[in-house]
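Input: a single structure, listed below in structure tokens.
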Amino acid sequence: MDSDKSRRLYLGSFLTLAENLAGTNPKDPHSYLRMTHISPSPTTGVQVKWGSVSNRLYCLQRTDGLGATDADFTTVAQHIAGTPPENAYSNAFAANTNT
């Protein structure tokens, strides 16, 4: 087997594993992790919602910049149990500090 074909097979297997771990369907182009709602509020901070599946734990992170690297993210909450069909999380301390 040539190395290019081996890489494609490996990558395909890796992506399928990642999809299975995330609880998404690799055969469905509309099945992917995404935020479904983001709502800022001066009294409750920010509420975010995302599609979720059972038997999964989620980690919510934030950053101040769109061009952020992994090092620029801060964990807001972790070990959030999936509550299908959607999870919601509010963070009163996520107020924008930019002036």
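By how many nm would the segment from ARG34 to LEU21 grow when fully extended, if each residue of separation counts as 0.36 nm and the alpha-carbon distance is taken off? Write out the running numbers ahead of the final one.
Details: separation 13, 0.36 × 13 = 4.68 nm, distance 1.51 nm.
So the extension gain works out to 3.2 nm.
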Inset, instruction - Net charge near TRP50: determine it from the other residues with C-beta under 12 Å of the C-beta of TRP50, scoring Lys and Arg +1 and Asp and Glu -1. - result: +2
Legend entry - Cβ-based exposure ranking for TYR58, TYR32, in which fewest neighbours within 10 Å come first: TYR32, TYR58
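Read the figures in this text as sums done on the coordinates, not as results from a lab. In this text, all values refer to a predicted model and were calculated from it rather than measured experimentally. Reconstructed Cβ throughout: ideal geometry from the backbone, glycine too, with neighbour counts over all protein chains shown.
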